[in-house]
Each structure stands twice: as structure tokens, then as C-alpha cells.
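Since the structure comes first, as C-alpha cells, the remarks are kept for the end.
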Amino acid sequence: MELSHRFLIANNGPDKGELIANVLLKRIEVLTAFDGEEAIAVARKECPDAILLDEAVSKIDGISACRILRDDSATRDIPIVLLTSLDDSASRLEAYENGVDDCIQRPYLFDELLARVLSKIRRFGRRAKPSAVITCGNLQMHTDSLETRVAGKVVDVSVLEFKLLKFFVENRDRVLDREIILRAVWKDEPVNARTVDTHIFLLRKELKGADYHVSTIYGAGYIFKKRFD
């Protein structure tokens, strides 16, 4: 089978995730995540064709992770298959109500697992290239033109601030320390952590009317989250 599809496998710890990945690797391209938080970040960044999500993943459980992915315009149409040990109808109903497309109960056969995930991809069809517009509340980022709008109004951000904001949007509701931000946005440029603070200060001024804002978590870093005031 040609490697024409990409799966994201989210399972607790590398041992379980790699076991599934090694079985599927020769037939599909495999991305891995080892907790729910990482699964959300990888899905937003890579836009896989399907997600195989363990309901018992740590940090953010599988059903909650599915709900977050369904609320995100970049990931809401990706088929999600939940691996579960639960066999009662109430638990399955909760999973489906939160956006899961299929539930597979342990123990399972790998061939059946692959067939069921592939059937979801065929039914949903090959997904189009992700939109050039990133939406987060009333914030819109046009990746082709590098234009940023808040509530429909263009705001003045530099190219660097656009990159910084995009990184925050892609990792919203996640605490990010300065070193992570530096590596992601500035790459290998010779700048220090204070540079992050300066650009976040400028970014906050432009995002005053946005539904989301950059909040400081003292001693930990920053988080891009929804305003409640």
C-alpha cells in the first residue's frame, strides 16, 4: 500500500503508541503523540488524515481532546477514532456526542483497526489543503497576505509579531515558557528571553479588542486564552 495517508496516533507512553505505529508504519505514514495535550498540538500543526485517540491519554483525556479538536476550524473535519476499554452504551454515547466518529473496544485486531480508520478517510474524502485563514474567536490571520484582523478591523502587526501570534493561536490554552517560544519563533537567532517579553507587550496593544489574549503565568511563561472580562 502506498503511503497516501497520514495517521496521528495518540496513546499513553511510547511503548503502546510505538506498538501500533510499528504495525501500521509500512502501510501508512504515522505521526505520534503521547498525551492528549500533545495530540491537539500535533493535529493543529500537521492536519493528519485521521486521528487514532486513546480515551485514557494523560493530561487531557481522549473525549475532552476530541471536543477541543472539534471546536477548532483547522481540525474539526478530521476523522477521529477512539480506542476504549469501556463497553457501556452511555460511555459510547458521550464519546459520539463529543465528536468521535467511531469507537473501537480493546482488545482489537490490527487489521480491523486499520480497515475501520481507512473507511472513515474514504467516507470523508481526501481533505482539502488547510485554509489560508486562521480563525480564533473574532481574530483572523490571513497566512497568504500576513494580514491580521480583530472583529473585522485590520490591526498593525509586524511579520515577526504575526509569527508569534500564529504560534500562540496554534498552541492556545497551553502554557508556553520563553525558551519554547524563542525556539519556535526566533529559531537560531541570537536573542534572549527579554525579546519575547518586548514583542508580547507590543502584541497585547494590538489585540485589545480580541476574544483571546496573552496572559502571563508568573514563573511559568505565557498562555493564549479566552477573555472572561
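What the phi angles of region 64-70 give under the Karplus curve with 6.51, -1.76 and 1.60, with θ = phi - 60°, is a coupling list of 5, 4, 4, 4, 5, 5, 6 Hz, glycine and proline written as x. Dipole orientation for the chain: of the candidates PHE34, VAL214, ILE9, VAL214 has the Cα lying most toward the positive pole (charges on Cβ; Lys, Arg +1; Asp, Glu -1). When the chain is treated as a Gaussian network with alpha carbon springs shorter than 10 Å, the biggest mean-square fluctuation among PRO48, PRO107, PRO79 belongs to PRO107. For the Cα trace of region 159-229, dividing Rg by the Kirkwood Rh returns an Rg/Rh value of 0.93. Report the normalised scattering of the chain as log10 I(q)/I(0) at q = 0.10, 0.16 Å⁻¹, calculated by the Debye formula with identical scatterers on the alpha carbons. Summing over Cα pairs of the chain leads to -0.52, -1.12.
Rounded to the nearest 20 Debye, what is the dipole magnitude of the chain about its Cα centre when Lys and Arg each give +1 and Asp and Glu each give -1 at the C-beta?
Dipole size: approximately 660 debye.
Projecting the Cα atoms of THR84, LEU52, THR195 onto the charge dipole of the chain, computed from C-beta unit charges around the Cα centre, puts THR195 farthest toward the positive end. Model label points for THR135 and ASP156, set 7 angstrom from Cα along the Cα-to-Cβ axis, are 2.8 nm apart. Helix 159-170 versus the longest principal axis of the chain: what angle, 0 to 90°, nearest 10, using Cα atoms? Tilt of helix 159-170: around 40 degrees.
The 3J(HN,Hα) values that the Karplus relation (6.51, -1.76, 1.60; θ = phi - 60°) gives for region 104-112 are, in residue order, 10, 8, 6, x, 10, 8, 4, 5, 5 Hz. Gly and Pro appear as x.
Any read-out appearing in this document is the output of simple, stated calculations on the displayed coordinates, not a laboratory observation. Since the model is a prediction, treat every value here as computed from it, not as a measurement. FYI the Cβ positions are ideal-geometry reconstructions off the backbone, even for glycines, and counts take in every protein chain you see.
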